[in-house]
1. What pairs can you find where one residue is in segment A:67-88 and away from chain B (no Cβ under 12 Å) and surrounded by fewer than 20 Cβ atoms within 10 Å (Cβ to Cβ), the other is assigned to a loop (DSSP other than H, G, I, E, B) and at pLDDT 90 or above, and their Cβ atoms are less than 7 Å apart, with a gap of 6+ or different chains?
2. Can you confirm whether residue A:138 is part of a strand (DSSP E or B), out of contact with any helix residue (DSSP H, G or I) (no Cβ under 7 Å at 6 or more places or on another chain) and either buried (at least 18 other Cβ atoms within 10 Å of the Cβ) or away from every other protein chain (no Cβ under 14 Å) (or both)?
3. Go through the residues of segment A:91-103 one by one and say whether even a single one is in a helix (DSSP H, G or I) and either closer than 20 Å to residue A:236 by Cα or at pLDDT below 85 (or both).
4. So which of B:76, B:105 ends up being touching a strand residue (DSSP E or B) at 6+ places or on another chain (Cβ under 9 Å) and over 30 Å from residue A:102 (Cα atoms)?
5. Name the residues in segment A:91-100 that are buried (at least 20 other Cβ atoms within 10 Å of the Cβ) and more than 8 Å from every other protein chain (Cβ to nearest Cβ), would you?
6. Can you name the strands (runs of 3 or more DSSP E) wholly within segment B:150-262 that have at least 2 residues being away from chain A (no Cβ under 14 Å)?
7. So, in segment A:109-129, of the ones that are outside any helix (DSSP H, G or I) and modelled with pLDDT under 80, which residue ends up nearest to the other protein chains (Cβ to nearest Cβ)?
8. Would you confirm, using the coordinates I've provided, whether residue A:175 is at pLDDT 95 or above and farther than 22 Å from residue A:70 by Cα?
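The values are calculated or read from the model by the stated rules, or taken from the named source; none is laboratory data. Predicted, not measured: the structure shown is a model, and the values here were computed from it. Quick reminder, even Gly has a Cβ in these numbers, built from the backbone with ideal geometry, and neighbours come from all protein chains shown.
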């Protein structure tokens, strides 16, 4: 019996001293991904001329579908964004036009923030697209973390390599660094204000920093979030952009 | 004496044909290269000044640091009062405000959805202001291929190549998607009223020309501009005056530590023009030097051969009492004549080819597909006043130098040896 218990301790990653990368990715996905979610958020963009806040509401199903409606400021109000798999459309009420965002535009900044359209679309499960290995430990805000290095195993990802500082108790990244294929650091994310939502831990505040831009970065704050809610299909149609 | 020498040269073809041919070819090359480089440089400077740099340009310090990225979020504010100030301080100059912007130009189908789209490089200029002279400066009206000039806000021009790529015709609606000065989303519909071809590859690929006020509205840039460009009277650039002006203006704003305070740059300080001009002038200088040296060696050699052929003649002249200095100076005089004739022929041929290249030009657009600099797609030579005499410098210098070197042998011949040679 003792031997069986010992074997369990060795082979079940949750009980071992250093879990495997795959195990951690699975745990992170359990926290960060959901079948569906609806949330309202604020994006505070710190530019060289000052800061501005953009408010929005997002409906999303899995990693394939999402719909965002901008609520403020007045200039951006009622602008909508629809993502269906790897396609993105944007609707602006001022022009009454639905524009498809593709090619190099996907790498452009959204509303002057440190996030690109590609980042906004990037809801993919890490486990599906990356292989991972634990490369060390660190402490962030007094919380012990594993440092996890991710390498892309599929081609349809925006970043070839990621480095995650994963909270050892909550299995949630507290810091992420996103790298290009050349190894150049492109973006850094600091995740904080971690709260419990049912069985999952979720960050309510993310500071994005585009490392190629000057400025203090963009704060992404979730005001309110609901997981696994039913969202009607019409929400993810191009017709709903004009409603 | 001169008449005697000229007759001798003309009657003895062996003495003149080869040197004149060499000098003519060299002078022709000198004139041609001078005209070509002047033309190419002049066009590059004019194009750059008109489209990008002005004779002087004012930007915010932060914008100037990242100018290549067209950072409108770092644009100059309060441009109205700044331009009034500039008009007061420099009344003989023309000051124009411009906004450059990048973005996406989207063409709708009948349902208002994307039919075609492409990245656009926009320039907003004062299209409806007669005092700005922008339409003439950028040669917009004459560059229209199809359609007409914008007459009211909301009307734009796009480059003809871009229009073909997007399948847009005059009268079609397009949507511009860009970023405001504060980073917000800028989307606006416009009517394309004409297509243009500037003959500048970077512009012809994906340009959009709109009115400055239209751009201020869509990009949320009230009383702001990316750049203020200054042009001297009659559009003639004076580097000395530009340097003085830049020094005075920047000194005035030096105490202001704000990163959005204005800074003035002269034409040469932008786009690496100074170093390019320096490089080209040293290239021309080096070319002329190498050419003079090479031609001198050839002519020295020709004069040596000629000297051998005229060994007897020179010997006889020395024997009958003509002094060595006189023989030497008469040969130098001959070379001046040959140099002059060769230079005239070379200059005439060089000018002829240069005039042809000035009129017809040389289309290099195929090799500039990925170039983003303001370079004209057709390069032309420019026949300058200097071109009429520049060839005489190497033409005369090399013949005289060649003869002078070859003629040194005259002084080495002593009388005793001379008579012995003449017996033979």
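1. A:71/A:77
2. Numbers: part of a strand (DSSP E or B): yes; out of contact with any helix residue (DSSP H, G or I) (no Cβ under 7 Å at 6 or more places or on another chain): yes; either buried (at least 18 other Cβ atoms within 10 Å of the Cβ) or away from every other protein chain (no Cβ under 14 Å) (or both): yes.
The answer is yes for residue A:138.
3. Quick first cut of segment A:91-103, residues in a helix (DSSP H, G or I) only: A:103.
Pick out the ones that are also either closer than 20 Å to residue A:236 by Cα or at pLDDT below 85 (or both) and you get A:103.
Within segment A:91-103 (the criterion being in a helix (DSSP H, G or I) and either closer than 20 Å to residue A:236 by Cα or at pLDDT below 85 (or both)), the answer is yes, since at least one residue qualifies.
4. Of the residues listed, the single one that is touching a strand residue (DSSP E or B) at 6+ places or on another chain (Cβ under 9 Å) and over 30 Å from residue A:102 (Cα atoms) is B:76.
5. Kept after step one, since they are buried (at least 20 other Cβ atoms within 10 Å of the Cβ), are these residues of segment A:91-100: A:91-92, A:97-99.
Answer for segment A:91-100, where residues must be buried (at least 20 other Cβ atoms within 10 Å of the Cβ) and more than 8 Å from every other protein chain (Cβ to nearest Cβ): just A:91.
6. Working: elements: B:155-159, B:173-179, B:185-196, B:207-211, B:227-231.
Correct list: B:155-159, B:185-196, B:207-211, B:227-231.
7. Going through segment A:109-129, the residues outside any helix (DSSP H, G or I) turn out to be A:109-116, A:122-125.
With the extra rule that they be modelled with pLDDT under 80, the set shrinks to A:122-124.
Numbers: A:122: 20, A:123: 21, A:124: 25 Å.
The residue in question is A:122.
8. Values: at pLDDT 95 or above: yes; farther than 22 Å from residue A:70 by Cα: yes.
Spelling it out, residue A:175 is indeed at pLDDT 95 or above and farther than 22 Å from residue A:70 by Cα.
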